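The values are calculated or read from the model by the stated rules, or taken from the named source; none is laboratory data. Since this is a predicted model, take the numbers as computed values, not measurements. Cβ sites come from the backbone with ideal geometry, for glycine too, and all protein chains shown count toward neighbours. Only protein heavy atoms, including side chains, enter the accessible area calculation; ligands, DNA and RNA are left aside. Shrake-Rupley method; radii C 1.70, N 1.55, O 1.52, S 1.80 Å.
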Amino acid sequence: MAKPKADDGMSVSLFPFMSILACLIGALVVMIVVQSINQSSQTEGRTEEDIKRAKEFLELEKELAQDNAKLEELEAEIEESQAVEEELENTRKRNVLLKGNLNISEFDKEEKNRKAAELQQILENLAADLEIWKHTKPTLDARIKELEAKLKELNKKPDDTPPPVVVVPSGSGAEQGTSFFFAEAGGSGLKILRSFDQAMNVTDVIRVNTGAIGVNEDLNTWLDAVANIEKSQIIVLVRDGGHHSSSQLRNYAMHPDHPYQVPVSRLPMPGTGDADLKAFKALAGKLPPRAKPQKPPAPAKPK
């Protein structure tokens, strides 16, 4: 891209303007840091909605435990009734045999009859309980399924994801109509935020190690596409430990011996949350995501 020629005539000192600009940038950095600290201090990164959902989760777990306990109790009663029924049947068979024995004593007959009567009463009570259980079980099953569905929905433990860091456009001195492109610089290298959707969510990322700046093919393709857009500018969000990689990208993109000649600005970015670039929706440059490599066709099976 052709560089504007210097104006002829008397030169104007920009020192007062640059001093004011430096003060403004420093104030903005302080405001961003304060805002990030305030956001991270609110309920340790958790919203009231997360707390409410956690309380609902605990209540549902308690209800489900009570219903499961009741279900286990009823199943135990069913097993007991079946055992009693078997015992009663065995007693009846013994009674038939005893009745055929003429030598059996009257005392034994009375004892057997008494025991048979007790077992018969127990069996009748259990039969009544089973009848009630037949009508109660479908309701309990439906309730258990409902609680399990709610638990599955609410079984999302609060994570430790840090809140996003909101990046706000400020007086960067860029010409009106400039298209901004973004990259993040960290200790391990660069993360190029190549493409966004309508809500400014990142849809395509290029990761470049610090030592690969200048030889990474995807990075060079991105710089070439940015350089071909009129009034383009790159903003590097500098994370902790990213000063070196941000300097490498700036020197590579702006070096007079390289074909890109794209202005690069650097912005310190406190915190570890993802960058929220929604404020740049109307200013961000548009590049399509890279095409995904197609899978080779499967070899034909021998007939």
(message) For a quick check of your reading of the model, give me the residue pairs whose first member lies in segment 190-204 and is under 22 Å from Thr221 (Cβ atoms), whose second is part of a strand (DSSP E or B) and acidic (Asp, Glu), with beta-carbon atoms closer than 6 Å and at least 6 apart or on different chains.
(response) Lys191/Glu184; Arg194/Asp204; Ser195/Asp204
(request) Give the residues of segment 172-181 that are open to solvent by less than 60 Å² (accessible area, probe 1.4 Å) and assigned to a loop (DSSP other than H, G, I, E, B), sorted by residue number. (result) Ala174, Gly177, Thr178
(message) Can you list residue pairs whose Cβ atoms sit under 9 Å apart, with the first residue in segment 218-235 being on the phi > 0 side of the Ramachandran plot and the second being outside any helix (DSSP H, G or I)? Count only pairs 6 or more apart in sequence or on different chains.
(response) Lys231/Ala174; Lys231/Glu175; Lys231/Gln176; Lys231/Gly177; Lys231/Thr178; Lys231/Ser179
(request) Please enumerate the residues belonging to segment 269-287 that are closer than 17 Å to Pro169 by Cβ and crowded, with 17+ Cβ neighbours inside 10 Å. (result) Met269, Ala275, Leu277, Phe280, Ala284, Gly285
